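One structure below.
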Amino acid sequence: MPNNELHTALRGDLNDVLGDVLDGGKADAPDDGGAHDPDGDLDVEAFTAAIENFNRFYIRLPVLEKLPFTTLSVLDTLAFGGSPRRLTDLTKTEQVSQPGITQLVTRLERDGLVERRPDPSDGRAVLVHITEAGRAVGRSRRADRSRHLRPLVERLTPEQRQAITDALPALARLAELGRGQG
């Protein structure tokens, strides 16, 4: 996905959802709920609450691809967290039992969204690969959400849009750190 589309997809109506957590603490800004202190440090609890509030809104945006959360999570893990993965790795990342992940991968394979192949380094194990159809599910959902977010983004002031744009690298880095990639 081109960088400008990614920025657009992430720019939801964060003024309402995140308040001014990411807005640099302007003096004339509404109360930020304690998200900033005079030294410029971020109140992590306020930030956490704002992100959770945004996530509740974001995950409920209408999409054409209506799939269970665990299915989407596995596809996302394979698409962005590295494919292929062993079933045991998916059990850990998705916090699902071994029988549960095996059943889910069987359904995903039947639907053409993933493929199981032998692990070349260990003949006893299999690796789960995402297919192009599995990647298309993620692209479709992102496009749907972007379509619904654009009118909300347009209601933000230029300063609010810029504040979100400026926060994107920090949010991306925070996600990398959370996934253990940094």
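Values in this text are rule-based calculations from the coordinates and carry no lab data. Source: prediction; values computed, not measured.
Normalised radius of gyration for the stretch 75-182, please: alpha carbon Rg relative to 2.2 N^0.38 Å, two decimal places.
Values: Rg = 17.9 Å, N = 108, 2.2 N^0.38 = 13.0 Å.
Dividing the Cα Rg of the stretch 75-182 by 2.2 N^0.38 Å gives 1.37.
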What shape does the stretch 86-130 take by its C-alpha gyration tensor, where a ≥ b ≥ c are the square roots of the eigenvalues and a/c under 1.5 counts as rounded, a/b above b/c as prolate, and the rest as oblate? oblate
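Could you calculate the contour length gain from R155 to K92, that is, 0.36 nm times the residue separation minus the distance between their Cα atoms, to one decimal place in nm? Intermediate results must be reported in sequence, preceding the final value.
Values: separation 63, 0.36 × 63 = 22.68 nm, distance 4.04 nm.
Contour length minus the Cα-Cα distance gives 18.6 nm.
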